[in-house]
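Undergrad: This is the structure, below, for whatever I ask next.
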Amino acid sequence: EREAKIEIYDMRLKYNIVPSPMPELYSYGYQQPWQEGVLESLQSALSSQKSGLNEYGQKLSEEEALQLKNTIAELKHRIETNNPPNNNDTMGNYLSGSSSLVGWVSLLIVVIAGTIAATEYTTGTVKLLLISPAKRWKILLSKFLAVMVTALIMLVLLFFSSLLAGGVFFGFGNLAPYLSVENGSVTELPYLLYAAFKYLLCVPQLLIMTSIALMLSVIMRHSAFAVGVGAAFTFGG
């Protein structure tokens, strides 16, 4: 703890971070400067790293030691570059949290995929499709692509609507970069690009759920069954 405190004091001197004269006021609703919160977390992490023990007094595992190393690198980078973390009242946090709404997009796409082929049997139009010159795989592929294009359009609309809403409520100018840490090396990434990556990572899930719902729609020829099983896979997955 003594070595960790000395290192924190050195950082205060180097970057001219003045300690708060009355830190006890933070518990009464006064806002704590972000540097103080980062330095407190950094001191705790440095103490654990130097002692080789975790918060429970047990020896650090390799995974815990690596995670601690990355945490220390990130916190030090924030102090060195004057880069505050995104809190709850920033556009970045709102934009990142809005990615959870992609689950509802998946559910709607499952409904579309589960009915796009089954309704052909219900209305009898499947006979017209089967006697057409187009091969069956082309018919299925066209339906699959139509559903996937709809899903991508909805993802783009959700992203830009979240971006607009976050900017209106929290402002467009307080978007700090996202810090990517790997093996103690810190890389800054524009937060908009990071948020876009989070949305793009939902595409494989959409692809799998759409395929399952469309397959059930074709095999069972019943939209309710295809939608129900597809929705169960979406929430269960």
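The values are calculated or read from the model by the stated rules, or taken from the named source; none is laboratory data. None of the values given here were measured: they were computed from a predicted structure. Ideal geometry is used to build each Cβ from the backbone, glycine not excepted, and the neighbour counts take in all protein chains shown. Just the protein is used for accessible areas: all its heavy atoms, side chains included, with ligands, DNA and RNA removed. Shrake-Rupley method; radii C 1.70, N 1.55, O 1.52, S 1.80 Å.
Undergrad: Return the only residue of A165, A176, A195, A151 being surrounded by 11 or more Cβ atoms within 10 Å (Cβ to Cβ) and either more than 30 Å from N82 (Cβ to Cβ) or free of Cβ contacts under 8 Å to residues at least 40 places away in the same chain (or both).
TA: After applying the criteria, what remains is A151.
Undergrad: So which of L129, L95, L108, L101 is within 16 Å of the chain's Cα centre (by Cα), aliphatic (A, V, I, L, M) and open to solvent by 20 Å² or more (accessible area, probe 1.4 Å)?
TA: None of the other options fit; the residue is L101.
Undergrad: Is there any pair linking a residue in the range 33-62 that is part of a helix (DSSP H, G or I) to one that is of a type in the set (S, T, N, Q) and loosely packed, with under 15 Cβ neighbours inside 10 Å, with Cβ under 8 Å and at least six apart or on different chains, and which?
TA: From the range 33-62, the pairs are W34/N87; E36/S20; S48/N54.
Undergrad: Something else now. With the requirement that a residue be aromatic (F, W, Y), modelled with pLDDT under 70 and open to solvent by 70 Å² or more (accessible area, probe 1.4 Å), what does the range 1-43 give you?
TA: Y28, Y30, listed by residue number.
Undergrad: A further question follows. In the range 132-143, what residues are of a type outside the set (K, R) and more than 39 Å from the chain's Cα centre (by Cα)?
TA: S132, P133, A134
Undergrad: Would you pick out the residues in the range 209-221 that are under 14 Å from F233 (Cβ atoms) and either surrounded by 16 or more Cβ atoms within 10 Å (Cβ to Cβ) or without any contact (Cβ under 8 Å) to a residue 24 or more places away in the chain (or both)?
TA: M209, T210, I212, A213, L214, M215, L216, S217
Undergrad: Tell me the residue from G184, G124 that is within 22 Å of the chain's Cα centre (by Cα) and open to solvent by less than 80 Å² (accessible area, probe 1.4 Å), please.
TA: Going through G184, G124 in turn, just one is within 22 Å of the chain's Cα centre (by Cα) and open to solvent by less than 80 Å² (accessible area, probe 1.4 Å): G184.
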